[in-house]
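The values are calculated or read from the model by the stated rules, or taken from the named source; none is laboratory data. Everything quoted here is computed from the prediction, not taken from an experiment. Here the Cβ is made from the backbone with ideal geometry for all residues, glycine too, and neighbour counts use every protein chain on show. Keep in mind that these areas ignore ligands, DNA and RNA; they rest on the heavy atoms of the full protein, side chains included. Shrake-Rupley method; radii C 1.70, N 1.55, O 1.52, S 1.80 Å.
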Amino acid sequence: MAKSKSSQGTPATVALTKAGMTFTTHAYEHDPAAKSYGLEAAEALGLQPEQVFKTLLVEVDGKLSVGVVPVDKQLDLKAVAAALNGKKAAMADPAAAERITGYVVGGISPIGQKRPLPTVIDASATDHETVYVSGGRRGLDLGLSPTDLIKLTSARTAPIAR
């Protein structure tokens, strides 16, 4: 697929285009009954689940942060807290996640959020030439290099998946 046009219109694609980063867009028909948005994306796009990453909002010591892990794994709350030099982490309230990021649950992208949040990407991302993350809405994923994802989100990497 070609480099995305900003007419795709999500804050994630706009941010990538503005940063001059190369990425691909991958749309699929979202099934509202899907139990896992991330696994649905991997299956619909014919990708290995370990290459497709989900974006999860967590509260670390009361402050919102972002954890990005493969869709076939779970976020290790203790590990993400440690990666952010915190003591305790809990999943963020979905309504708060939507309000803070500007995205809907199931379509939260680590890129182009309304306000930059501390971000940790699972270290396994660097095992791949291309990783896929939500493009900012259900039914849209973006493919890009893990290096660009880390750079654009000012993320650190750590083993935060289990």
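Summary of values
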item	result
Exclusive hit being at positive phi and surrounded by 15 or more Cβ atoms within 10 Å (Cβ to Cβ), set Gly135, Gly112, Gly107	Gly112
1 or more residues touching a residue at least 40 places away in the same chain (Cβ under 8 Å): qualifying strands (runs of 3 or more DSSP E) within segment 49-162	53-60, 63-70, 119-122, 131-137, 140-144, 156-158
Some residue of segment 123-137 being among the aliphatic types (A, V, I, L, M), more than 20 Å from Ala42 (Cβ to Cβ) and out of contact with any Gly (no Cβ under 9 Å at 6 or more places or on another chain)	no
Some residue of segment 18-34 being in a helix (DSSP H, G or I), open to solvent by less than 60 Å² (accessible area, probe 1.4 Å), at pLDDT 85 or above and closer than 15 Å to Val133 by Cβ	yes
Selection from segment 126-158 of residues that are among the basic types (Lys, Arg) and over 26 Å from Ala81 (Cα atoms)	Arg137, Arg138
